[in-house]
Amino acid sequence: MLDVIECIKQRRSIRTFLPRPVSKETIEKVLDAAILAPSAGNWQSWRFYIVLNEALRQELAKAASDQEFIAEAPVVLVICAEPGRAEHTYGERARELYCLQDTAAAIENLMLAAHAYDLGTCWVGDFDEAVVMNLLKIDAQYRPIAVAPLGYPNENPNPRWRRPLREVIEYRE
């Protein structure tokens, strides 16, 4: 298994997948890592939909601005927030912000775990939320935050440019 820093440095967004299935056991290992993410008050305001059906994957690709690579992956994960889950503890801030933060942390864990298991993913946020909810019959208490194709990579992209650290930090001493 990769060291966490190496895993972070090596992970890439994958948009080309081998036509090789991913076992349910491996999918669940990846999702096991996702649910270890921190969350506000440990309320774990997330839900994961695992889409294996090819016709549904193709419909999800259409709902995501026709991003065909989504349908090519043998698995598509739809990661949702549960806005009301921590609302009774934290009020409107939980509904508007904390559930999104919680879900984003889970998505990052999921992507790093996928890479550690030699799988590829891509965080897709460009999709029609209402269409995705309808396609997967997602209950109104959940909100789709990301679509993530998952599979064995058929590419090895070069690292992407990052803003220099000095450009994004400010010390207050």
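Annotation for Asn53 and Leu18: the two label points, set 7 Å from Cα along the Cα-Cβ direction, are 2.8 nm apart. In plain terms, the chain from Glu96 to Asp126 could stretch by 8.9 nm, reckoned as 0.36 nm per residue minus the Cα-Cα distance. With equal scatterers on the alpha carbons only and no solvent term, can you work out the Debye log10 of I(q)/I(0) for the range 1-96 at 0.12, 0.17, 0.19, 0.22 1/Å? The Cα Debye sum returns log10 ratios of -0.55, -0.97, -1.08, -1.16.
Working from the alpha-carbon coordinates of the range 47-86, get Rg over Rh, Rh being the Kirkwood radius.
Values: Rg = 11.6 Å, Rh = 10.8 Å.
Reported Rg/Rh, Kirkwood definition of Rh: 1.08.
Put the Cα centre of the range 63-92 next to the Cα centre of the range 41-56 and the gap is 7 Å.
In this simple spin-label model, placing a label point 7 Å from the Cα along the Cα-to-Cβ direction at both Val4 and Arg172 gives a separation of 2.6 nm. Evaluated at q = 0.11, 0.12, 0.14, 0.18 Å⁻¹, the base-10 log of the normalised Debye intensity for the range 96-173, with identical point scatterers placed on the Cα atoms, takes the values -0.45, -0.53, -0.69, -0.98.
In this simple spin-label model, placing a label point 7 Å from the Cα along the Cα-to-Cβ direction at both Glu155 and Asp66 gives a separation of 1.8 nm.
If only the Cβ of Lys and Arg carry +1 and only the Cβ of Asp and Glu carry -1, the dipole of the chain around its Cα centre is close to 240 debye.
No lab work stands behind these numbers, since they all come straight from the coordinates. All values derive from a computational prediction rather than experimental measurement. Because the Cβ atoms are built from the backbone with ideal geometry, glycine has one as well, and the counts that use them run over all protein chains shown.
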